[in-house]
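Worksheet for the structure shown next.
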Amino acid sequence: MKKVEVHTLKDVSNYREWFNKQELPQTMQINDAAYTDNLKVTINHLLEQAKDCYDNPKMQGCFYLLDQIKANLTKK
């Protein structure tokens, strides 16, 4: 069984700070299964979910998506 890393409120704050410093495109194909036509709104929703669920090991998907978005933005 894969061990799931839980996060802290400081992690959520770090994500928010990082994304606030970025110039975001309007749209993004996040991965093969996830596309957004409003990346800024999507990030804000994911950060709100992360703030609510940061310590729940079964609700870490928002961090997974935030990491994918971050990777997509940094490889350009």
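The values are calculated or read from the model by the stated rules, or taken from the named source; none is laboratory data. Keep in mind that what you see is a predicted model, and the values were worked out from it rather than measured. When we count neighbours, we look across all protein chains shown, and the Cβ atoms used for this are built from the backbone with ideal geometry, even at glycine. Protein only, heavy atoms only, side chains kept; ligands, DNA and RNA dropped before computing areas. Shrake-Rupley method; radii C 1.70, N 1.55, O 1.52, S 1.80 Å.
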Work out the count of Lys pairs in the chain where the Cα-Cα distance is under 20 Å, with the pair 8 or more places apart or on different chains.
16
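Of the peptides 49-59, 18-28, how do they stack up when ordered by the mean number of other Cβ atoms within 10 Å, highest first? Display every interim value, and only then the final one.
Numbers: 49-59: 14.5, 18-28: 12.2.
By packing density, highest mean first, the sequence is 49-59, 18-28.
Pairs of alpha-carbon atoms within less than 8 angstrom and 6+ residues apart define the contacts here; what relative contact order does the chain have, in percent? All intermediate terms of the calculation are to be shown ahead of the outcome.
On the way: 63 pairs, mean separation 26.9, N = 76.
Result for the chain is 35 percent.
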Quick query: amide H of residue 30 versus all other amide H atoms, modeled in the peptide plane; which residues come in under 5 Å with a sequence gap of 5 or more or a different chain?
35, 36
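What are the semi-axes of the equivalent ellipsoid for the chain, taken as the square roots of 5 times the Cα gyration tensor eigenvalues, largest first, in whole Å?
Values: eigenvalues 85, 41, 24 Å².
Semi-axes (√(5λ), whole Å): 21, 14, 11.
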Roughly how many Å² is the accessible area per residue of the chain, as a whole number, for a 1.4 Å probe?
72
If each of residue 59 and residue 29 carries a label point 7 Å out from its Cα toward its Cβ, how far apart are those two points in nm?
3.2
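Do the sum for the chain: with -39,500 (n - 2.57) for every DSSP H run of n ≥ 4, divided by all residues, what is the mean residue ellipticity at 222 nm, to the nearest 500 deg cm²/dmol?
Calculated at 222 nm, the ellipticity per residue is -17500 deg cm²/dmol.
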